[in-house]
Ligand code: SAM
Ligand code: SF4
């Protein structure tokens, strides 16, 4: 098992497949100038599948989420999903994506064994989308979402980040739209993980702001802690159900005590937390022909050093050197 000194067990593995992206969301990437990982430093498809196999067979991982950067940009994605689906202890598999290109790949991903997708969409307004992501791809995302649902990658979850001055007035519209299309909407508080280090706590839209805004149009009833488990999203049923809305309040209502995550970057580093400042190198072990048992030992040791919390509230908090796109969100 992957267990830490606080007794938390990691069963959910997030795998970043690339640090590259075809959008430039303001809260994630700068408009230009971000240095990409060098190709030889990236794990190969074989290396990724081997690490996932070790995680599920030797370390108790039950759920694998592919992310990035934009994971649909990884040419071998469908093959990786297929090979992970064929593992003896097949984990549940999902993908977090901006949805661009999902229209073409959703059916193949489903056939390969992917269970679900989370698609990120922050606005219903094409002009705001362009300002937030610095690209004109709103339509592609909407088509990707439709394709995901049609392919059975359900429940399709939609992740939205609200940014002051861009889309902070859109929470109720996004929820009405998500309900109409049978997507499960979750708002994510903006975290200090942007490459430009521009995050300010004072300016951010909090879970409290989001809920107040939603309550101007909807009746929200909180779901119990039991339903939540270790999920990062707190959830509310909307207007008596069955539809729900979630809020991932990593900043104002952190859920570190129930965290069940371990993370692998596209260049083969284990991170125990999004906000960790340390990483543990698995790639060197992989490339020096270490046996599975040795790789599992290094991973377990990394997990043992997991800190109690993100440290966001500590005056000495330092934003991680790598941005969200390179860590894997
Ligand atoms: N490119 C894919 C996408 O956008 O879904 C996967 C990677 S992205 C880093 C994963 C998630 O992190 C997205 O839902 C995105 O909105 C979110 N995200 C990125 N930067 C963030 C930040 N600074 N604070 C909160 N969420 C962020
Ligand atoms: Fe790309 Fe996702 Fe970051 Fe937006 S949030 S720039 S889509 S990696």
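Fewest-first ordering of 189, 139, 146 by other beta carbons within 10 Å of each residue's beta carbon gives 139, 146, 189. Dividing the radius of gyration of the alpha carbons in segment 162-313 by their Kirkwood radius gives 1.06 for Rg/Rh. Beyond 31 Å, what percent of the Cα pairs of the chain remain? Here the tail beyond 31 Å accounts for 28 percent of pairs.
Summary value for the chain: 23 percent relative contact order, contacts being C-alpha pairs under 8 angstrom separated by 6+ residues. Helix 45-58 versus the longest principal axis of the chain: what is the Cα-based angle in degrees, 0 to 90, to the nearest 10? Taking the Cα atoms of the chain, the angle to 45-58 is about 90 degrees.
Legend: ranking of residues 82, 234, 88 from fewest to most surrounding C-beta atoms inside 10 Å; resulting order 88, 82, 234. Result for the chain in a Gaussian network model with C-alpha springs under 10 Å: among 293, 249, 55, the largest mean-square fluctuation is at 293.
If you take the Cα centroid of segment 152-185 and the Cα centroid of segment 26-57, the two points sit 28 Å apart.
If you take the Cα centroid of segment 61-114 and the Cα centroid of segment 4-24, the two points sit 14 Å apart.
Computed over segment 228-288, the range of Cα coordinates on each principal axis works out to 56, 22, 16 Å, biggest value leading.
The angle between the Cα long axis of helix 292-304 and the main principal axis of the chain comes to about 50°, on a 0 to 90 degree scale. In the elastic network of the chain, a GNM with C-alpha springs shorter than 10 Å, the most mobile of 75, 172, 254 is 75.
Fewest neighbouring Cβ atoms within 10 Å first, the residues 181, 138 line up as 181, 138. Taking Cα atoms only, the orientation of helix 102-112 departs from the longest principal axis of the chain by about 50 degrees. Rg and Dmax of segment 98-237, based on Cα coordinates, read 15.6, 45 Å.
Every number in this text was worked out from the coordinates using simple rules, so none of it is lab data. Being a predicted model, the structure only gives us computed values, none of them experimental. Here the Cβ is made from the backbone with ideal geometry for all residues, glycine too, and neighbour counts use every protein chain on show.
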